[in-house]
Amino acid sequence: MPRPSAFGRGFRTLRREPAVLAAEIGWRWLFGGIATALLLWATLSFLHAVDVSRSNQFLLGTLNPELMSYALRDMFHGKWWMFARLTAIVSISLSLLWIITATIARSVTTRVLVERAAEDYETERETAPNLGAIFGIQFVRIALLWIGLAAYFLSSLIAARLTVRGSETHTGAFLVLFLCMFSVAAIVLSFFNWILFLAPIFAIRDSLSFTSATIEAWQFSRARAGSLFGLNLAHAGFRLVWLVFMSGVIFVPFGFARILPKSVVLLATVVLSLVYFAVADALFVARWAGFIEIAEQELHPEPEVPPQPFYQPPAPQETMPQDAEIEAATFEGAQIGADPEPFDVEPTSVPPETPGN
């Protein structure tokens, strides 16, 4: 019997383990709610500190780009330090919040899925939280995000310094140079992020440290690159179809803006957005369960069956063929029924009869 595919096993896990989906949705929405509240607080605090005079209101109302630029410079003069401080507070707070929540949630959900995968292969496995290794993995992933942001600004700065000659700006050369440098940095960082994304599976299943789990994830991604790529491609197709579908549905309430109250339209938009995120989280759990299934298959490889030829000649018979038996029986019967050979007797000479005797 062929073993089930990791793609189908992931969706069956959603039906068999609804608590995992609920936990995944819960911690992601908790993080999203806190992040939204922090961003709103920072935005309102910054706008409250900005003094908009009547002259600036008039300049902004003209919709003239030059006049609006002058008004914005005057409004934000001396406020950039406050903007940088609020940005740092929000960014550091969200980074720490992600590390803590992702460490706890990833440890809990991965333990359940790993033990379920072992039961499907009739194997008992008890796992440990291993919060230290998971914390290190999530910390390094956030550090890679910060490195990516630094690489973005550094690439733009280097490209600007190399392509600007006096007052002339070579926009085409700047874009080409910036895209080349930042693409290299993004590919390298994405590779390390992918390895760290798979590392919690081995940190939980085998109780490995941060370094050992990372090395195991790298070897696993090399050994099963085809299966992992196929699973990612299948789920990317599902996510794309769902995104395109919901992108059209989410604008439906705006068509009733003239009929329904604005609060109802806003509430419908929020509900549809939550539906999109819930299904997206379900697809993530299915993909994560598929990765765990592929890792479990490494521990239970299929037995190798030697290939059978299309035509297999009959085995040689140890007994004598039927024709040979008949000939042998005939020969033995002829020997038994034959007359014995006469004795060798020398003939005696008889004198010939003479006439008259």
**Fill in**
The condition of being modelled with pLDDT under 90 and open to solvent by less than 40 Å² (accessible area, probe 1.4 Å) holds, among Leu14, Leu47, Leu67, Leu63, only for Leu14
**Request:** Take segment 161-218 and flag every residue that is hydroxyl-bearing (Ser, Thr, Tyr) and open to solvent by less than 30 Å² (accessible area, probe 1.4 Å).
**Result:** Thr163
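Per-residue answers, yes or no, for (1) farther than 30 Å from Ile201 by Cα; (2) open to solvent by 60 Å² or more (accessible area, probe 1.4 Å); (3) β-branched (Val, Ile, Thr):
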{"position": "Val52", "(1), (2), (3)": "yes, no, yes"}
{"position": "Leu59", "(1), (2), (3)": "yes, no, no"}
{"position": "Ile89", "(1), (2), (3)": "yes, yes, yes"}
{"position": "Thr101", "(1), (2), (3)": "no, no, yes"}
**Request:** Considering (1) modelled with pLDDT of 85 or more; (2) among the aliphatic types (A, V, I, L, M); (3) open to solvent by 80 Å² or more (accessible area, probe 1.4 Å), say which one Ile34 fails and leave the rest.
**Result:** (3)
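Residues that are in contact (Cβ under 8 Å) with a residue 60 or more places away in the chain: list the helices (runs of 4 or more DSSP H) wholly contained in segment 1-94 that include at least 2 such residues. Before you say what the answer is, go through the steps one by one.
Values: elements: 6-16, 18-49, 54-61, 65-75.
Output list reads 6-16, 18-49.
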**Prompt:** If you go through segment 108-130 one residue at a time, how many are without any contact (Cβ under 8 Å) to a residue 40 or more places away in the chain and either under 18 Å from Arg15 (Cβ atoms) or hydrophobic (A, V, I, L, M, F, W, C) (or both)?
**Reply:** 2
**Message:** Test of understanding: among Ala234, Ala225, which residue is exposed (fewer than 15 other Cβ atoms within 10 Å of the Cβ) and of a type in the set (Gly, Ala, Ser)?
**Reply:** Ala225
**Complete:** When Val241 is run through (1) in a helix (DSSP H, G or I); (2) modelled with pLDDT under 90, the failure sits at (2)
**Message:** I'm trying to understand the selection: among the residues of segment 95-132, which are of a type in the set (Asp, Glu) and part of a helix (DSSP H, G or I)?
**Reply:** Glu115, Glu119, Asp120
**Selection count where residues are within 15 Å of Asn193 (Cα to Cα) and of a type in the set (D, E, K, R), scope segment 91-147** = 1
**Request:** Could you tell me whether any residue of segment 135-157 is open to solvent by less than 20 Å² (accessible area, probe 1.4 Å), closer than 13 Å to Ile201 by Cβ and in a helix (DSSP H, G or I)?
**Result:** yes
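The values are calculated or read from the model by the stated rules, or taken from the named source; none is laboratory data. Keep in mind it's a predicted model, so treat the numbers as computed, not measured. Here the Cβ is made from the backbone with ideal geometry for all residues, glycine too, and neighbour counts use every protein chain on show. Surface accessibility is based on the protein's heavy atoms, side chains included, excluding ligands, DNA and RNA. Shrake-Rupley method; radii C 1.70, N 1.55, O 1.52, S 1.80 Å.
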